[in-house]
């Protein structure tokens, strides 16, 4: 199981018109991106223009997102439904 994904990587994620109906939390990062954690639909990122969706197919450990945190360098940490953390390394 992959424990991190690197963004922006145009080969992962999918552009969607709107986030799903099962959103559980929202987090605004240092760059004013909004991250939405869902109950089983993965992670959404809104950059002010585009909504991207990331799932286990893109490297997340689980599609349920229970917590979103950020470190000083802008990396995003996720606590997922399987109890493990995924790290999104922003390039």
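The values are calculated or read from the model by the stated rules, or taken from the named source; none is laboratory data. Since the model is a prediction, treat every value here as computed from it, not as a measurement. Backbone-built Cβ (ideal geometry, glycine too); neighbour counts: all protein chains shown.
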inquiry  = Looking for something modelled with pLDDT of 85 or more and part of a helix (DSSP H, G or I) - is there at least one such residue anywhere in the stretch 39-56?
reply    = yes
ask   = Any idea how many residues of the stretch 37-57 are touching a strand residue (DSSP E or B) at 6+ places or on another chain (Cβ under 6 Å) and closer than 16 Å to residue 85 by Cα?
value = 7
query = Would you pick out the residues in the stretch 9-25 that are in contact (Cβ under 8 Å) with a residue 40 or more places away in the chain and assigned to a strand (DSSP E or B)?
reply = 24, 25
task = List the number of the failed condition for residue 54; all other conditions in (1) under 14 Å from residue 12 (Cα atoms); (2) more than 10 Å from the chain's Cα centre (by Cα) hold.
result = (2)
key: Hits in the stretch 72-87 - residues which are over 15 Å from residue 33 (Cβ atoms), modelled with pLDDT of 85 or more and not in a strand (DSSP E or B)   = 72
